[in-house]
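Colleague: Pasting a structure below so you can have a look.
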Amino acid sequence: MPELPEVETTRRGLDAVMTGQVVRQFIVHNGSLRWPVPPDMPEQVNGQRLVACKRRAKYLLLQFNHGTQIVHLGMSGSLRRAPLDEPRRAHDHIEWLLDDARYLLHDPRRFGAVLWHCAAQGPVDTTHPLLSALGKEPFDPTLTAAWLKAQLAGKRQAIKQALMDSRIIVGVGNIYASEALFRARINPRIAAGKLSEQRCERLIQTIRSTLDDALTSGGSTLRDYLNATGEPGAYFQLHAAVYDRENQPCRQCSTPIRRLVQGQRATYYCTRCQRN
Ligand SMILES: [Zn+2]
């Protein structure tokens, strides 16, 4: 699944090449995505200039002066740049035809989305229902230990699950939650409300460092998203300390990594390094 680092890397790539260009033709090859692509979408964007490519959580925001296209890559999606003469591949459902290239949303499972938000309705991030209730971005400077501790106060839910709750912090997927907790030496099962401010501070730092590492490794695979030669769906491989390493020795202390299921998602941790 594309996680925050893949989406941010895609955004940076798209922003560098798409921003400032005019959409010559927006083509819906198969609009049956998670939600149907609005039938008037081509009318909205054809002939319009893209003024910025932004991101909120895992939503790409293609901004025009009169509105925003909200793009989500779903479970299996990717967006890539291809030469004008390259044939479309299977599962390339949505196409932005620009002057120098075409941009294709490839989405085999069709859980992605392309939606429209009209600027007249207000700023997309505070007024669109998919975005308005989202929590803080991991790199938002206002995400502080004191703020996080207040959010978690009284919560009996396990910290691993609270960490993945996008109403608190966005973009911490299953892999990154396990890895950040390992780096912070926090047991994934402890009640979220029990975390001290100091441990909240450490956790914020390890969330950022884990995502940063993925972004750094992603920089080298940027071409997967933007070149015709890239294989869509080649997501970043994090050098995981615990994730998907059940029974393998902990890289810190050699204790076998344990797997457990929390909220139907697998969690991996070291019972020694993350004792409490
Ligand atoms: Zn260990």
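Colleague: Determine the shape class of segment 76-220: with a ≥ b ≥ c the square roots of the Cα gyration tensor eigenvalues, call it rounded for a/c under 1.5, and otherwise prolate if a/b is greater than b/c, oblate otherwise. Let's see the in-between values first.
Modeller: Working: a/c = 2.62, a/b = 1.87, b/c = 1.40.
Because a/c hits 1.5 or more and a/b exceeds b/c, segment 76-220 counts as prolate.
Colleague: Turning to a different aspect of this structure: Could you check which residue among I169, I207, I257 shows the biggest mean-square fluctuation in a GNM of the chain with a 10 Å Cα cutoff?
Modeller: For the chain, modelled as a Gaussian network with Cα springs under 10 Å, the answer is I257.
Colleague: Would you please give the residues with an amide H less than 5 Å from that of R109, counting only those at least 5 places away or on a separate chain, with H modeled from the backbone geometry?
Modeller: Here S76 satisfy the definition.
Colleague: Sticking with this structure for a sec: What does the C-alpha gyration tensor say about the overall shape of the chain? Classify as rounded when a/c is under 1.5, otherwise prolate if a/b is larger than b/c, or oblate. Mind showing how you got there, number by number?
Modeller: Working: a/c = 2.45, a/b = 1.73, b/c = 1.42.
Judged from the Cα gyration tensor, the chain comes out prolate (a/c at least 1.5, a/b above b/c).
Colleague: Indicate the gyration tensor shape class of segment 4-127 (rounded, prolate or oblate), computed on the Cα atoms with a ≥ b ≥ c the square roots of the eigenvalues: a/c under 1.5 is rounded; otherwise a/b larger than b/c is prolate and the rest oblate. Present the calculation step by step, with values, prior to reporting the outcome.
Modeller: Numbers: a/c = 1.28, a/b = 1.15, b/c = 1.11.
It comes out rounded by the Cα gyration axes.
Colleague: If you put +1 on each Lys and Arg Cβ and -1 on each Asp and Glu Cβ, how big is the dipole of segment 4-127 around its Cα centre, in Debye rounded to 20? Don't skip to the end; give the middle numbers.
Modeller: Values: 16 positive and 13 negative charges, 68 e Å.
Charge dipole of segment 4-127: 320 debye, to the nearest 20.
Colleague: How many lysine pairs does the chain hold where the Cα atoms are under 22 Å apart and the two sit 8 or more places apart or on different chains?
Modeller: Counting lysine pairs in the chain gives 11.
Colleague: Explain nothing, just compute: Karplus ³J(HN,Hα) = 6.51 cos²θ - 1.76 cosθ + 1.60, θ = phi - 60°, for every residue of segment 35-44 in order, whole Hz, x for Gly and Pro.
Modeller: So the Karplus estimates, Gly and Pro as x, are 10, x, 5, x, x, 8, 4, x, 4, 5 Hz.
Colleague: Give me, ordered by chain and number, the residues 5 or more places off T267 or on other chains with an amide H under 5 Å from its own placed amide H.
Modeller: Here L260, V261, Q262 satisfy the definition.
Colleague: Which of L62, L195, L130 moves the most in a Gaussian network model of the chain with Cα springs under 10 Å?
Modeller: Of L62, L195, L130, the Gaussian network model singles out L130 as fluctuating most.
Colleague: Which one, A120, A133, A101, has the greatest fluctuation when you compute a Gaussian network model over the chain with C-alpha springs under 10 angstrom?
Modeller: A120
Colleague: Could you list which residues have their amide H under 5 Å from that of R55, counting only those 5 or more apart in sequence or on another chain, with H placed in the peptide plane?
Modeller: Placed amide hydrogens put L61 under 5 Å from R55.
Colleague: Still on this structure: Determine the distance separating the Cα centre of segment 23-86 from the Cα centre of segment 100-163; give it in Å without decimals.
Modeller: Comparing the Cα centres of segment 23-86 and segment 100-163, I get a distance of 18 Å.
Bear in mind these aren't lab numbers, they're just calculated from the coordinates by the rules spelled out. Nothing here was measured: the structure is a model prediction, and the numbers come from that model. Note that we place each Cβ from the backbone using ideal geometry, even for glycine, and neighbour counts take in every protein chain shown.
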